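K.L.:
My questions will all concern the structure given below.
The values are calculated or read from the model by the stated rules, or taken from the named source; none is laboratory data. What you are looking at is a predicted structure, and each value in this text was computed from that prediction instead of being measured. Cβ atoms come from the backbone with ideal geometry, glycine included; neighbour counts cover every protein chain shown.
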Amino acid sequence: MNLMERRLQSKNNVDLKSYLHEKRSIVDEALQACLPEPEGPASDVIKAMRYSLFAGGKRLRPILCLAGTESVGGIHTDSLSIACALEFIHTYSLIHDDMPVMDDDDFRRGKPTGHKVFGDAVALLAGDALLTEAFRLMATAHLTVDITPQVLLKVIALISQAAGYRGMVGGQTVDIQSEGKRVDISLLKFIHTHKTGALISASVASGAMLGPANESQIEAIKTFGHNIGLAFQISDDILDIEGNSETMGKEAGVDERKGKITYPSLVGLSESKRIQSELADAAVESLQAFDHRAEPLRQIAMYIIERSE
Ligand code: GRG
């Protein structure tokens, strides 16, 4: 059964738009509580952290974490601190990625990037501070909700692996070093699955672990996460060609101008779309043993390949 047939047949259709809206408000409120209003001698770094954290992101990673928890029968409040930590890590990666030494972007989400507003040094430090604060948030999560230290440690290990050289940082390194060089599909897949896919996958898997999920559920969710993570980055490649700059809050056509190797540039647009659908199908397939509580995850898989921002 392909995605469209599955969508038509689904008896448990959730209203994904309302679901995303509701969860985004929950995440936004929790994020506000995580970071104080800027004051004191180091207020500039807090301002820069808050500026990028509240610049209008979709909150996909925290929402995936909450949906992962709910998919195995857990309650989302138990994973809210981890969800916020994931958004902190994501925001740090965007601040650093936008800096002149990396992608050198002036705009993100329709607003000037962090270093354009606060200067390179404070932007760099704001990224560092978001990353380290994420670990403080995770390390103290068990103080407010009912999570065992054992599960929490596993979650922290998983997210560390996804964020560091084994995941996002590794992918970013290879991406930067590949500029202007020949990249084949297997290296591009490595870049995409590590740079973008790893944190997305860890988001949903960490949520499920907090459910708590059993081993076979965790494996299934990891497969789901791996597939949607790669599909997400391919849709980013496609949006760079087909997307609307205003909706996306950043310029379209940048990859081509910068000579970046993407799925469409290597395999063409229609093959990229086919691969993307196959990945979304495989993601949904991996949740076969899950009941209606995984419906938001199934729909998020579809949303990822159809998104316009
Ligand atoms: C600097 C260590 C380090 C890593 C950077 C994630 C990343 C690695 C770079 C971002 C480059 C980029 C734009 C990749 C495309 C996929 C992606 C991560 C898009 C942004 O994620 P969204 O769409 O962002 O979830 P919002 O704005 O909604 O939060």
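K.L.:
Checking the condition of a type in the set (A, V, I, L, M, F, W, C) and either crowded, with 24+ Cβ neighbours inside 10 Å or farther than 18 Å from ARG50 by Cβ (or both), which residue from VAL72, VAL122 passes? Steps first, please.
P.N.:
On the way: VAL122 fails: either crowded, with 24+ Cβ neighbours inside 10 Å or farther than 18 Å from ARG50 by Cβ (or both).
Only one candidate passes the filter, namely VAL72.
So that you can scan it fast, the table gives a plain yes or no per residue for (1) crowded, with 21+ Cβ neighbours inside 10 Å; (2) more than 20 Å from the chain's Cα centre (by Cα); (3) in a helix (DSSP H, G or I):
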position	(1), (2), (3)
ILE241	no, yes, yes
LYS260	no, yes, no
LEU266	no, yes, yes
GLN276	yes, no, yes
ALA283	yes, no, yes
LEU287	no, no, no
ARG298	yes, no, yes
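K.L.:
Then there is this: Within region 231-259, count every residue that is among the aliphatic types (A, V, I, L, M), modelled with pLDDT under 90 and within 11 Å of the ligand (Cβ to nearest atom).
P.N.:
Selection size over region 231-259: 2.
K.L.:
Take ILE228 and decide whether it is within 15 Å of the ligand (Cβ to nearest atom) and either among the hydrophobic types (A, V, I, L, M, F, W, C) or surrounded by fewer than 23 Cβ atoms within 10 Å (Cβ to Cβ) (or both). Reasoning before the result, please.
P.N.:
Values: within 15 Å of the ligand (Cβ to nearest atom): yes; either among the hydrophobic types (A, V, I, L, M, F, W, C) or surrounded by fewer than 23 Cβ atoms within 10 Å (Cβ to Cβ) (or both): yes.
Here the answer is yes, as ILE228 does meet what is asked.
K.L.:
Based on this model, can you work out whether LYS23 counts as among the basic types (Lys, Arg), part of a helix (DSSP H, G or I) and under 22 Å from GLY211 (Cα atoms)? Spell out the reasoning first.
P.N.:
Details: among the basic types (Lys, Arg): yes; part of a helix (DSSP H, G or I): yes; under 22 Å from GLY211 (Cα atoms): yes.
Spelling it out, LYS23 is indeed among the basic types (Lys, Arg), part of a helix (DSSP H, G or I) and under 22 Å from GLY211 (Cα atoms).
K.L.:
So, GLN161, is that one touching a residue at least 60 places away in the same chain (Cβ under 8 Å), out of contact with any Pro (no Cβ under 6 Å at 6 or more places or on another chain) and farther than 20 Å from VAL284 by Cα or not? Spell out the reasoning first.
P.N.:
Details: touching a residue at least 60 places away in the same chain (Cβ under 8 Å): no; out of contact with any Pro (no Cβ under 6 Å at 6 or more places or on another chain): yes; farther than 20 Å from VAL284 by Cα: yes.
It is false that GLN161 is touching a residue at least 60 places away in the same chain (Cβ under 8 Å), out of contact with any Pro (no Cβ under 6 Å at 6 or more places or on another chain) and farther than 20 Å from VAL284 by Cα.
K.L.:
Right, something else. Identify the residue in region 69-91 that is of a type in the set (D, E, K, R) and closer than 20 Å to ILE218 by Cβ and, among all such residues, is farthest from the ligand (Cβ to nearest atom). Full working, then the answer.
P.N.:
Within region 69-91, the first condition is being of a type in the set (D, E, K, R), and the residues that meet it are 70, 78, 87.
Adding the requirement that they be closer than 20 Å to ILE218 by Cβ leaves 70, 78.
Working: GLU70: 20, ASP78: 23 Å.
Per the stated criteria, the residue is ASP78.
K.L.:
Can you tell which of LYS189, LYS154, LYS222 is among the charged types (D, E, K, R), in a helix (DSSP H, G or I) and within 16 Å of the ligand (Cβ to nearest atom)? Spell out the reasoning first.
P.N.:
Values: LYS154 fails: within 16 Å of the ligand (Cβ to nearest atom); LYS222 fails: within 16 Å of the ligand (Cβ to nearest atom).
Step by step, each of LYS189, LYS154, LYS222 is checked, and only LYS189 is among the charged types (D, E, K, R), in a helix (DSSP H, G or I) and within 16 Å of the ligand (Cβ to nearest atom).
K.L.:
Then there's this: Is there any pair with a first residue in region 120-143 that is closer than 29 Å to PHE107 by Cβ and a second that is of a type in the set (D, E, K, R) and within 16 Å of the ligand (Cβ to nearest atom) whose Cβ atoms are under 6 Å apart and which are 6 or more apart or on different chains, and what are they?
P.N.:
Cβ pairs passing all conditions: none.
K.L.:
If you don't mind, another one. Restricting to region 47-58, name every residue that is away from the ligand (no atom under 15 Å from the Cβ) and buried (at least 24 other Cβ atoms within 10 Å of the Cβ).
P.N.:
Selection gives ALA48 alone.
Residue-wise test of (1) among the hydrophobic types (A, V, I, L, M, F, W, C); (2) away from the ligand (no atom under 15 Å from the Cβ); (3) crowded, with 16+ Cβ neighbours inside 10 Å.
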residue: LEU60; (1), (2), (3): yes, no, yes
residue: ALA67; (1), (2), (3): yes, no, yes
residue: SER93; (1), (2), (3): no, no, yes
residue: PRO100; (1), (2), (3): no, no, no
residue: LYS116; (1), (2), (3): no, yes, yes
residue: THR132; (1), (2), (3): no, no, no
residue: ALA139; (1), (2), (3): yes, yes, no
residue: ASP146; (1), (2), (3): no, yes, no
residue: GLY167; (1), (2), (3): no, no, yes
